[in-house]
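Everything below concerns the one structure shown next.
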Amino acid sequence: MPTAAQLDLLNTLKQAIGAAHVLTEGDLTAYEQDWRKRTRGQALAVVRPGNTQEVAAVVKACAQARVSIVPQGGNTGLVVGGIPDDSGTQVLLSLQRMNAVRAVDGDNLTITVEAGCVLQNLQQAAEKAGFLFPLSLGSEGSCTIGGNLSTNAGGTQVVRYGNTRELCLGLEVVTAQGDILHGLSGLRKDNTGYDLRNLMVGSEGTLGIITAATMKLYPLPAAKLTAWAAVPSVEHAVRLLGLAHKHLGAGLTGFEMMGQFALSLVDKHYPQLRVPLWQQTPYCVLLENSDTESETHARERFEHLLEIAFEDGCVTDAVVAESLSQARNLWHIRESITMAQAEEGLNIKHDISLSVSAIPTFVAETDAMLKREIEGVRLVNFGHLGDGNLHYNVQAPEGSDNQAFLKTQEDRVNTLVYDAVKRFGGSISAEHGVGSLKVDTLPDYKDPTALAVMRQIKQALDPKGTLNPGRVVR
Ligand code: FAD
Ligand code: 2HG
Ligand code: ZN
């Protein structure tokens, strides 16, 4: 039963945004359970404001009542950062109704959208206007640009276009006090003080609520070429990456590496996808070249690269997509690894980054160590090699109880992997963020001064600690 103070707050919220948008009953699983189904929370209410003023009113009312708010976009996050805790006292603020494209400025190469705009809709709006919005993730059919900005999402085009941070020119944000920060300038140059936009990007809803953003647009490529290559080892994949940089230059837009076991899971759970080459090689690479030149020039350059790679020995076999639909299928296989892994059962994810040059030794040493420590352990290694970002995931031994494996082994496995990442000078979160999953692990791996400054920033911007508490920093 809600307390009198909670009932007062619910009434204020209903007056501010309409009773139909303050949900307290019915099935709220979609808002309260995380994507991986690891955790289930319970909200005091799910509120769905329709515009920035309504978000500000919700935040003001909650701040006054000292009730904490968890912002949520598409709820595809992988680190349990966008669902309420199980206290039944937090307000879950969903941005999903705020999904409009506000403006496209072709001369300025920008698009301004509301935070709840689903990434795929943003890509399509850009394409309709004749431009490319390059951010691309497996979850693009349901994640939102607000969530992408709040996690500084990476995805499969980072090697050319950068993370979400690099694609953002301006933000509109509701502060912890309920004030509106108007920053949708679309300026490419603005040195008038501290960079508040970049403070908000990647802050996972702990410093402010993003309500709209101005994002960069690019010309649509004239040609896109995609290849799937068999490589004998991680060292060979890194060598292929070097050749691709040298021969494709800025045309290199995607470079993904996938281990044999990761691909075997796709083959097992989605046999209709017909994964190429995986049985004959320990690793495959998915390579994309986007070009502003003509298709013929681009194809010649791409085929030249593959010839050199064959001669070098870093590629032993390859398939080049002959049509857009073949290219889409290859990408679909890559994007299906997460789902295939989920089908196989609960698993331990490590979203890590290392310098590209350290990756072959890291993988060799850490694979060997885990196999020594846990008999039958299955390693699902794949990721954005072009960015030095691996999804170095760990699956329980075949036939064992996944739940029990997580319970008994997760902390130990995390320590083994993250200690190795630290030894190699890497990061324990490359693109998914910290959320609540890694909040207590971070202090062991983050520079203590950096952590102390992060806490001071949190204290300065959210002194009452009502914005997404328990996430990123305690
Ligand atoms: P949510 O999950 O709703 O929220 C994520 C975090 O942002 C939470 O802390 C939440 O409180 C906060 N937040 C959300 N909206 C706002 C807002 N408007 N203002 C302030 N805070 C907010 N991630 C990658 O980086 N690269 C990938 O390649 C990738 N692939 C994925 C593939 C699959 C199949 C899945 C399920 C996930 C993948 N992800 C990937 C993770 C996830 O999709 C991204 O983190 C995405 O950016 C989250 O967006 P969302 O709208 O779902 O955010
Ligand atoms: C990807 O690159 C995502 O596909 C998800 O970041 C990674 O499932 C994962 O571990
Ligand atoms: Zn990823």
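Placing unit charges on the Cβ atoms only, positive for Lys and Arg and negative for Asp and Glu, gives the chain a dipole magnitude near 1060 debye about its Cα centre. When only C-alpha pairs under 8 Å and at least 6 residues apart count, what is the relative contact order of the stretch 333-458, in percent? Relative CO of the stretch 333-458 lands at 31 percent.
So, R0 is 45 Å and r is the distance between the beta-carbons of residue 294 and residue 192; what FRET efficiency does that work out to, to 0.05? Please list the in-between numbers first.
Details: r = 43 Å, r/R0 = 0.95.
With R0 = 45 Å, the Cβ-Cβ based efficiency is 0.55.
In the complete set of protein chains, residue-level accessible area for residue 38 is approximately 70 Å², probe 1.4 angstrom. Per residue, the solvent-accessible area of the stretch 99-174 (1.4 Å probe, heavy atoms of protein chains only, all protein chains present) comes to 34 Å².
How large is the dipole of the stretch 130-234 about the Cα centre if only Lys and Arg carry +1 and Asp and Glu carry -1, each at its Cβ, rounded to the nearest 20 debye? Mind dumping the intermediate values first?
Values: 7 positive and 7 negative charges, 83 e Å.
Computed about the Cα centre, the dipole is about 400 debye.
In 10 Å bins starting at 0, how do the alpha-carbon pair distances of the chain split up by percent? Calculated over all Cα pairs of the chain, the distribution is 4, 19, 29, 26, 16, 5, 1, 0 percent.
Can you tell me the FRET efficiency between residue 311 and residue 369 if r is taken as the Cβ-Cβ distance and R0 is 30 Å, rounded to the nearest 0.05? If you can, show how the numbers build up before the last one.
Values: r = 35 Å, r/R0 = 1.16.
Efficiency at R0 = 30 Å is approximately 0.30.
Quick check: net charge around residue 67, other residues with Cβ under 13 Å of its Cβ, Lys/Arg +1 and Asp/Glu -1? Once positives and negatives cancel, what remains is +1.
At a threshold of 8 angstrom on Cα-Cα distance, excluding pairs fewer than six apart, so keeping six or more, what relative contact order does the chain reach in percent? Before the final figure, lay out each step's value.
Working: 968 pairs, mean separation 70.7, N = 474.
Once divided by the residue count of the chain, the mean separation gives 15 percent.
Positive end of the dipole of the stretch 1-149 (Cβ unit charges, origin at the Cα centre): among 53, 96, 35, the Cα lying farthest that way belongs to 35.
For the set 113, 158, solvent exposure ranked by accessible area (probe 1.4 Å, protein chains only) runs largest to smallest as 158, 113. Find how many whole Å separate the alpha carbon centroid of the stretch 1-18 from the alpha carbon centroid of the stretch 278-294. About 54 Å separates the Cα centre of the stretch 278-294 from the one of the stretch 1-18.
If you place +1 on the Cβ of every Lys and Arg and -1 on the Cβ of every Asp and Glu, how big does the dipole about the Cα centre of the stretch 261-409 come out, in debye to the nearest 20? Let's see the in-between values first.
Values: 11 positive and 23 negative charges, 124 e Å.
Computed about the Cα centre, the dipole is about 600 debye.
In this structure residue 405 has an accessible area near 20 Å², from a 1.4 Å probe over the protein heavy atoms.
Which order do 98, 1, 339 take when ranked by solvent-accessible area (1.4 Å probe, heavy atoms of all protein chains), largest first?
On the way: 98 0, 1 215, 339 85 Å².
Descending order: 1, 339, 98.
First measure r as the distance between the Cβ atoms of residue 447 and residue 97, then evaluate 1/(1 + (r/R0)^6) with R0 = 56 Å and state the FRET efficiency to the nearest 0.05.
Working from the Cβ atoms, E equals 0.90.
For a straight C-alpha distance cut-off of 23 angstrom, the lysines reachable from residue 446 (same-chain residues fewer than eight places away being disregarded) are 349, 422, 438, 458. Find the percent of Cα-Cα distances in the stretch 211-346 that exceed 17 Å, and round it to a whole number. Above the 17 Å cut-off, the stretch 211-346 has 60 percent of its Cα pairs.
When shorter helices are ignored and each DSSP H run of at least 4 residues is given -39500 (n - 2.57), the per-residue value for the chain at 222 nm works out to -11500 deg cm²/dmol.
So between residue 361 and residue 459, what do we pick up on full extension, going 0.36 nm a residue minus the alpha carbon distance? Walk me through the numbers before you get to the answer.
Working: separation 98, 0.36 × 98 = 35.28 nm, distance 4.02 nm.
Residue separation times 0.36 nm, minus the Cα-Cα distance, leaves 31.3 nm.
Look at the dipole of the chain built from charges on Cβ: of 342, 158, 184, the Cα furthest out on the positive end belongs to 184. Considering only 277, 287, 131, and ranking their Cα positions along the charge dipole of the chain that arises from unit charges at the beta-carbon of Lys, Arg, Asp and Glu, the one farthest toward the positive end is 131. Computed over protein heavy atoms with a 1.4 angstrom probe, the accessible surface ordering of 187, 132, largest first, is 187, 132. Quick check on the stretch 1-122: of the DSSP beta bridges with both residues there, what percent are antiparallel, nearest 5%? Counting DSSP beta bridges with both partners in the stretch 1-122, the antiparallel share is about 50 percent. Remark: the residue 339-residue 165 segment gains 60.0 nm on full extension, using 0.36 nm per residue and subtracting the alpha carbon distance. In a fully extended conformation the segment linking residue 233 and residue 86 would gain 48.4 nm over its present Cα-Cα distance, using 0.36 nm per residue.
The separation of the stretch 108-177 from the stretch 370-397, counted between C-alpha centres, amounts to 29 Å.
The values are calculated or read from the model by the stated rules, or taken from the named source; none is laboratory data. Owing to the predicted nature of the structure, the values given are computational and were not obtained by experimental measurement. Glycine also receives a Cβ, built like all others from the backbone with ideal geometry; neighbour counts cover every protein chain displayed. The protein model used for the area step is the full one, side chains on, heavy atoms only, and it has no ligands, DNA or RNA in it. Shrake-Rupley method; radii C 1.70, N 1.55, O 1.52, S 1.80 Å.
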